[in-house]
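Notes to accompany the following structure.
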C-alpha cells in the first residue's frame, strides 16, 4: 500500500508539469493580453510593463522561469491584474475562505445526501422514497446561480436574518447562505447516486442470504449493504470534494466572500497569466491528491480491491 | 464670579457636552449629524491598485483620493481648489508652474509633506522601473523630457519637476496647456512617501504599511471582499472631516448589490441598466442620474479590410441619420443619458456643442427621409444592392439590446440588414484594434475635463482611432488647438466635421445611475467626473 501511494505521488510530478505546459499553451493561444485595455497603451509604456514582467521573453523561457521560481522559491509570481497583490497572497487570502464554506458544504451535502439516499432506497417506492427523490431532483434542477439570489432575497431582504454577502473572517452569519447555496446540488447528486447504488446492493444475492438468515434490517443495512453501496458515491465525492473546497465562481460572485472560486473565471477573462496558473496548479494538485485518497478509501472499504 | 454663576456655567457646560454628543450639528449647514458617521459603497471588482503611481481605474482613484491629497482638489462642481498647494503661478510663456505648498501638511505617520515628495512621486510614476500603465498620463501633461524618461533614455532626475525648497515645487512643461491645473487633481500626480516605499517595497500598499497624506488612512483590505478607510487624525484639516469610516465592498453582481442596498447594507450602489425609472418612482430621493464624461459610439471600419460601402460618406451619414437617439435614451437606456451627434461632451468644462451641428435641426422624420435619399444616391436604395453589416460588441446584455434596436432602425428606414456578433472582452479588443470588424461598439471616457480628451480619438495618430479614419483638416485643427488662446471655435469645428463626415457614429453621452442613501450628504452630484472626497461628506441624523 505504501509503495502504491509513493508511486502515485511520483507520477503526480510529471502530471502537474504536463498540466502547466498545456495551460501555458492555451493561455498564450488566447487573443489579447493582460495589459491590453480599451485604450491601447503607448508602445514605450507597454515595453516597460512587458520588461518588468518578463513578457518580452520567448514563451519557452517564460515557462521555464515560471517553473523554476516555483520549484526553487515556491514563488507563483505577482498578479498582473491586481498589482498590489501576489498570486501566493491572493491564494493565501482566498483559499481559507473557500475551504471553510466548501468543507461545511461537503459535510452538509454528504450527511444529508447519504441519509436521503439510504432512506429512499430501503423504503423503495414508498412516500419517503418519492419525497426524497423529489427533493433531490428539485435540488439538482435549481442551479446555484438561481438559488443564491433567491436565498438573499428571502433571508436578507424579506426576513432580515442573515447578511446578503461579505465574509468578515468567516463569522457564522456570513457562512450560512454560501454553504446552503453550494451544498444543494451536490446533496442532490449524492442522494441520487446513493439511492440507486443502495437499491442495487439490496437486491444482490448476499443481502438476500442475510435476510434469509433472519438478520434484522438495521444490521443488514449498516453492516452489509452500506459499504459496497458507498463505492460509486465515493468516486463521485473525490472530485466533488475538490470542487467544493476550491469554491465556486457563483458563490464568490453572489456572496462577495473573497474566495478563490471567482479567479477561475476572472483571471482567464483578465488574462492574468500568473493567477490562471496558480489556481490551475492548485486545483490540479488537489485533484490528484484526493483521487489518491479515494483510491485508498476504496481499498479500505472493499477488501477485494488490492493495489 | 459668584457661586451661582459658577454652578450655572458648569451645568451649562455639562449640558452642552452631553447635548453635543447626542445632537452634533454640521458646522456650516447646521443639519443634525448622525452618530453613525460611516459611508459604505459598492465597487464592481477588486482594485487593480491603490498606489497613486499605478492607479489606472476610476474606482481605484476614488480610494487614492481619500488616502492621498495632490497639489489641487476639485470642488463639488469640478472646479479646482487648493489641495496641498495653497498658491500657484504660471510663467508668461505658460511653460513653468510654481506651486507653494502648505507647511502644515503631514503624512499620516506625522512626517511633513514636502515638495521633494512630489518630485519623487512624479519621477517614480514616469520611471521604467515602476512600469506604470499610467505613465502615459505624465506624457499627456507634457512634462519636460517625459518621453525620454519613460523609454529609459534619460534618468528620472531629468523630468521637468523640481523642489526649489521644501515647500516650493517647480514644474516645467513643453507646450502651454490651458487645462494643466485640472490635470494635477488626478491621482497619478499625488505625492507618495519615499521613506515608506523604500522600507516596504511593493508591499507598501498593504494595511499597516501604507502611509498617505489624505483625510483617511487604510485600515483594512481583504482582496475581493472589502477595503476600509478611517479618518486620519494627522490630516492638516482633520478637524473639519466628519465621516469616520469609508468602506468599499466588492460586489460583482449589480443586482445582488441592489438587493443588499435595499436591505440597508450599503449606502451607495449602481443601478442596473433599464431599472432607473422604476427605482426613481420607488425611491424618489435616493435614485440619481449624474452626468458622466463618457461617450458611446459605433466605430465604422474605414480601413482596407472594412466594407466598401462604408467608405462612401453618404452611407455613413445615412446610417447615422437613421438612428433615433431620443428613442434609445428614453426607452432602451432610460437612465438620463443624452443623445450624442458629435463627440464633444455636453458636460465637459469650457465646451459647448455648436448650435449648427449638421443635421441636428431636422426632425426625426426629416432625418429618415434624408437617410433614404442618401442611400439611394449611393446606389443602395430600394432596388439597389442590399446591404448587410455585422455589428460587433463585447458580450453584454446592454450592448446587445442597443445593437438590436439600432439594427431594427436601419432595417426599417434603410432596408439595411444587420447581424450581431459578440466577443469576450480581450478577444473583442483584439478584433477591433486590428480592424477585423465592420461596425463595432466603442465607449470613451475623458482622461481630463477638457473637450480635446474626446475629440482627439478621431485624429490620425490616436491609439484609439479604431475606425482608421484620417482627415488632415481635422488633425490640423486639433494641432492648432493645443496652443490656441481660444480653443472653443476649433473644437466646435472638429465636432461639426465628425457629424458631417461620420468616421464614427456617436450615439449617447453616458450618465451614471446610482442609489444613494438619503442620509448621506456632501456627495458631488454636479461633478461630471464624479470626483468625490470623503472629507466633504457626512451623514445626517434621521428624524
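The values are calculated or read from the model by the stated rules, or taken from the named source; none is laboratory data. Note that this is a predicted model, so its numbers are computed, not measured. Virtual Cβ from ideal backbone geometry, glycine too; neighbours counted across all protein chains shown.
Structure notes:
- Residues of the stretch B:228-273 that are under 21 Å from the mean Cα position of the chain (by Cα) and within 14 Å of chain A (Cβ to nearest Cβ): B:247, B:248, B:249, B:250, B:251, B:252, B:254, B:269, B:272.
Per-residue answers, yes or no, for (1) closer than 22 Å to residue B:457 by Cα; (2) assigned by TED's automatic domain parsing to the domain that holds residue B:474:
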position: B:499; (1), (2): yes, yes
position: B:502; (1), (2): yes, yes
position: B:507; (1), (2): yes, yes
position: B:524; (1), (2): no, no
position: B:528; (1), (2): yes, no
position: B:532; (1), (2): no, no
position: B:535; (1), (2): no, no
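- Set B:45, B:57: member being touching a strand residue (DSSP E or B) at 6+ places or on another chain (Cβ under 9 Å), surrounded by fewer than 20 Cβ atoms within 10 Å (Cβ to Cβ) and within 14 Å of chain A (Cβ to nearest Cβ): B:45
- Lone unmet requirement of (1) without any contact (Cβ under 8 Å) to a residue 40 or more places away in the chain; (2) surrounded by fewer than 21 Cβ atoms within 10 Å (Cβ to Cβ); (3) within 14 Å of chain B (Cβ to nearest Cβ) for residue A:35: (1)
- The set of residues in the stretch B:407-429 that are away from chain A (no Cβ under 14 Å) and either at pLDDT below 90 or assigned to a helix (DSSP H, G or I) (or both) comprises B:407, B:408, B:409, B:410, B:411, B:412, B:413, B:414.
- For residue B:164, the criteria (1) assigned to a helix (DSSP H, G or I); (2) exposed (fewer than 15 other Cβ atoms within 10 Å of the Cβ); (3) at pLDDT 95 or above hold in every case but one, which is (1).
- The single condition among (1) over 22 Å from residue B:250 (Cβ atoms); (2) more than 14 Å from chain B (Cβ to nearest Cβ) that residue A:77 does not satisfy is (2).
- Scan the stretch B:9-42 for residues that are within 14 Å of chain A (Cβ to nearest Cβ) and modelled with pLDDT under 90 and the total you get is 0.
- Some residue of the stretch B:190-206 being within 14 Å of chain A (Cβ to nearest Cβ), farther than 30 Å from residue A:97 by Cα and under 25 Å from the mean Cα position of the chain (by Cα): yes
- Single residue of the stretch B:111-132 satisfying the filter (touching a residue at least 60 places away in the same chain (Cβ under 8 Å) and surrounded by fewer than 24 Cβ atoms within 10 Å (Cβ to Cβ)) that is farthest from the other protein chains (Cβ to nearest Cβ): B:116
- Residues of the stretch A:42-68 that are free of Cβ contacts under 8 Å to residues at least 12 places away in the same chain, within 24 Å of residue B:205 (Cα to Cα) and either surrounded by fewer than 19 Cβ atoms within 10 Å (Cβ to Cβ) or at the interface with chain B (Cβ under 7 Å from one of its Cβ atoms) (or both): A:45, A:48, A:51, A:52, A:54.
- The test for being away from every other protein chain (no Cβ under 13 Å), touching a helix residue (DSSP H, G or I) at 6+ places or on another chain (Cβ under 9 Å) and assigned to a helix (DSSP H, G or I) does not hold for residue A:97.
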